[in-house]
Amino acid sequence: DIIRTIRDPEKPNTLEELEVVTENCVQVQEIGEDEYLVIIRFTPTVPHCSLATLIGLCLRIKLQRCLPFRHKLEIYISEGTHSTEEDINKQINDKERVAAAMENPNLREIVEQCVTEPD
């Protein structure tokens with residue numbers, strides 16, 4: 001429910017409407033007392049999607065802000081659905097790269113537009 005309303009950076013649709021994320025792409029595993037591992041596997045609309053890293057960043061930021069419990073978060077591109085999935089997976093799961101990306105005012109503004117709940 002938290003990620004279904006994230007908007008695509010290019011289109012007026014949500015990631016759920018574009019089937020970039022579905023309920024089946026989310027796994028939650030208990031890894032300790034009151035601690036969970038959340039794994040998201042998203043599918044870009046095209047294998048060469050230039051905004052796949054940005055979509056992964058939006059997923060990460062929204063979940064970090066909204067999950068009401070302690071968690072470890074892993075976000076991946078669904079296997080075989082993007083030409084540079086390995087590189088993108090490394091970027092969106094690297095805390096330093098995520099922090100650096102969110103320091104960029106232009107990038108931060110795009111992420112905020114995508115993750116802000118519609119009125």
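Below are the figures for this structure:
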item	result
Accessible surface of region 6-58 [probe 1.4 Å, protein heavy atoms]: carbon and sulfur percent	44
All-pairs alpha carbon distance profile, the chain, 5 Å steps from 0, percent	2, 11, 23, 25, 22, 12, 4, 1, 0
Whole-number accessible area per residue in Å² for region 23-113, which is evaluated in the context of all protein chains at 1.4 Å	61
Residue with peak Gaussian network fluctuation, the chain [Cα springs, cutoff 10 Å], from GLU103, GLU85, GLU19	GLU103
Spin-label zone in region 1-39 - amide nitrogen under 18 Å from a point set 7 Å from the Cα of ARG108 along the C-beta vector	none
Accessible area of LEU54 in the full protein assembly, 1.4 Å probe (Å², nearest 10)	20
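The values are calculated or read from the model by the stated rules, or taken from the named source; none is laboratory data. Note that the structure is a prediction, hence the values are computed from the model and not measured. Cβ: placed from backbone, ideal geometry, glycine included. Neighbour counts: every protein chain shown. For accessibility, only protein heavy atoms count, side chains too; no ligands or nucleic acids. Shrake-Rupley method; radii C 1.70, N 1.55, O 1.52, S 1.80 Å.
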